[in-house]
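The values are calculated or read from the model by the stated rules, or taken from the named source; none is laboratory data. This structure is a prediction, so every number in the text was calculated from the model and none was measured. Quick reminder, even Gly has a Cβ in these numbers, built from the backbone with ideal geometry, and neighbours come from all protein chains shown.
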Amino acid sequence: MQHSTHKSANLVCGIDFSRFSKHVQFLSLASSVLGLFIVYGYIQEKLFHIPGFRSYGWYLSFIQFTFVSLISYVDSTFISRSPKRRELPPYYEFMILSWMTVGTIGLSTVALGFLNFPTQVIFKSCKLIPVMIGGIIILGKKYTLYDYCSVVLMCAGLIGFSLADQTVSPEFEPKGIVLVCMALCFDAVFGNYQEKLLKKYPHYTNADIIFYTYSFGSVIIFTWLVATGQFLTSLKYAAQHKDVYPLAMIYSTIGYLGVQCVLALIKSSGVLITTIVTTMRKVLTVVLSFMFFTKPFTFQYVWSGSLVFLGICISIWKRNRIGILNAISSLIRSVQDFASSHSTPISKLDKTVLQV
């Protein structure tokens, strides 16, 4: 009985959102995802605007992985502790997930040293492309016209965004495109593998998964920094720029909370709603990036981003057509019920008019 109660809980840093109504869960978690990741993106871009920081993307990832390991350990041990917390984890499976996480987060962070922040966000939004390519080549899958239309629009938008970046951005280097594409491939596999582990080991909380993944990941990145001779130079650079560590720790904390809220939103509202919320977050992040940080602008960014956004919308529609139609019908019924319950009957209205 105790085990089932734990399983039905929807914990974010000790707060069980399953105790609230569905509407409260959605509003609180969706607004948290939007707010947290917008601030997350702002701090990430602010860090890369520190003079000379563009060469230290791996060191930022090392700080992030180390700090998130500490936060998740405190969370999983003292706050969101699971009944079987003391069982030894399947280390080799978490090591695989760690490599995927390092590839996804580390490479996309390093890519910011060679790309504009909006370009990186746009590329990261196109996970469907490597998923389809892998499905065709490795699994021999067949896809629908919707999928191909979505991918063509995304590819056209990415090419347009890259050409615009190359034309107007002094920081642009083709190496950045290669890095973010590699991160995209890792991300395409990462989500499925993480979901597999969560289903295979339901007694582990989200905090447990994050702790083991990021702990192993921090060791991987540390080994890379030492082997390439970047660790000591990174320490020296951070010591000379006092705002690096405070910003990096806030950045890591917000990222951890954001991931927890995304996982909780998936559990309470489903993948469709979460996908729509995270897509809107990316759109807002790109828009706010141009507002808050001075950077070259061309209208080509607008139409290229619109093509990518349209491709994402087609992908969401294709995979969740029935769910979207049901959600729209439910929304219309809710509005009609609300309107009818708050409308004034004609007889009461007539009496009020006569009294006046």
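Brief remarks on what is shown
- Filtering the range 306-338 to residues that are at pLDDT below 80, small (Gly, Ala, Ser) and touching a Leu at 6+ places or on another chain (Cβ under 6 Å) leaves 315, 323.
- The range 37-55, subset touching a Leu at 6+ places or on another chain (Cβ under 9 Å) and outside any helix (DSSP H, G or I), residue nearest to residue 261 (Cα to Cα): 48
- Cβ-Cβ contacts under 7 Å between residues 6 or more apart (or on different chains), taken from a first residue in the range 96-110 that is closer than 9 Å to residue 187 by Cβ and part of a helix (DSSP H, G or I) to a second residue that is at pLDDT below 95 and basic (Lys, Arg), are listed as 108/124.
- The residues of the range 281-316 that are outside any helix (DSSP H, G or I) and either closer than 19 Å to residue 152 by Cα or in contact (Cβ under 8 Å) with a residue 60 or more places away in the chain (or both), listed by number, are 293, 295, 296, 297, 298.
- Any hit, the range 103-120, residues being aromatic (Phe, Trp, Tyr), under 29 Å from residue 301 (Cα atoms) and out of contact with any Leu (no Cβ under 6 Å at 6 or more places or on another chain): yes
Yes/no matrix, rows are residues, columns are (1) crowded, with 22+ Cβ neighbours inside 10 Å; (2) under 17 Å from residue 106 (Cα atoms):
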{"site": "20", "(1), (2)": "no, no"}
{"site": "25", "(1), (2)": "no, no"}
{"site": "36", "(1), (2)": "no, no"}
{"site": "43", "(1), (2)": "no, yes"}
{"site": "55", "(1), (2)": "no, yes"}
{"site": "64", "(1), (2)": "yes, yes"}
{"site": "72", "(1), (2)": "yes, no"}
{"site": "79", "(1), (2)": "no, no"}
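- In summary, residue 274 fulfils each of the numbered conditions (1) of a type in the set (S, T, N, Q); (2) farther than 20 Å from residue 27 by Cβ; (3) at pLDDT below 80 with the single exception of condition (2).
- Residue-level check: of (1) modelled with pLDDT of 75 or more; (2) more than 21 Å from the chain's Cα centre (by Cα); (3) surrounded by fewer than 17 Cβ atoms within 10 Å (Cβ to Cβ), residue 155 misses just (2).
- Test for residue 12: is it at pLDDT below 90, surrounded by 19 or more Cβ atoms within 10 Å (Cβ to Cβ), aliphatic (A, V, I, L, M) and farther than 21 Å from residue 222 by Cα: yes
- Consider the range 175-231 and keep the residues that are of a type in the set (D, E, K, R) and farther than 16 Å from residue 94 by Cβ. The one that is surrounded by the most Cβ atoms within 10 Å (Cβ to Cβ) is 187.
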